[in-house]
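Presented below is the structure to which this report refers.
What follows draws every value from the coordinates through simple rules; no lab data is involved. Small disclaimer: the values here were computed from a predicted structure and weren't measured. With ideal geometry, Cβ positions are generated from the backbone for all residues, glycine too; neighbour counts draw on all protein chains shown.
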Amino acid sequence: MVLWAVVRRVLAQLIRLLLLNRIVTLGVFGLLVVGLVGYPLAMGYLSSSEGQTSATGTDASPAAQAALSSSVTTGAPPQAVQDYIRGMTTFDAKLMWNALSPEAIGQMQSRGGSVEQLQQGLDEMKRAGARYEEVSYVGGYPLRDGSRYFFYVMSRRGFAGPGTVDQVYFVFTIGPDGKILKIE
């Protein structure tokens, strides 16, 4: 009877935590779905041999298998993502801007954005006492078009209000050239 009360209380606390942190919950849920769907697909690619049909219904060449095998691992993200994160955490707009692909820069400029404007916003946040407390790399995932996703969760203080701690997630889409195409 006491054990059941403890289990119920723990479950209630977990549900409360999930409801309070919806953005993180959605990000983690999304990663779980990608993992649960993507892992079997990736393993189908990796285990198929030349001439056999993979789990996705296509013949995977040894070169394609090797490329997928190396990109499915959770190795270090590309330099552009590392530079962007370092720029965020050190409030350095140039580092962030230089990590973007020409397409992403063009989109930002079409909306009136510039490296100077970005630096101004970063300086304002820094003066207000904002800071990043934890940066967690969750993992990466290759896409068929040669681009890749990289997932991060960050804890930060002072962005949502003075002294307020919040968590945000970022999904970086990286093009075949290694530069950031999109950030969600």
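Tell me which residues, restricted to the range 76-114, are loosely packed, with under 14 Cβ neighbours inside 10 Å, over 19 Å from the mean Cα position of the chain (by Cα) and assigned to a loop (DSSP other than H, G, I, E, B).
Passing the criteria: Arg111, Gly112, Ser114.
Looking only at residues that are touching a residue at least 24 places away in the same chain (Cβ under 8 Å) and surrounded by fewer than 18 Cβ atoms within 10 Å (Cβ to Cβ) in the range 151-162, which one is farthest from Pro102 (Cα to Cα)?
Pro162
Please determine, by comparing only the residues of the range 115-150 that are assigned to a strand (DSSP E or B) and of a type in the set (Lys, Arg), which one is surrounded by the most Cβ atoms within 10 Å (Cβ to Cβ).
Residues of the range 115-150 assigned to a strand (DSSP E or B): 131-142, 148-150.
Applying the additional criterion that residues be of a type in the set (Lys, Arg) yields 131, 148.
Values: Arg131: 13, Arg148: 21.
Ranking the candidates gives Arg148 first.
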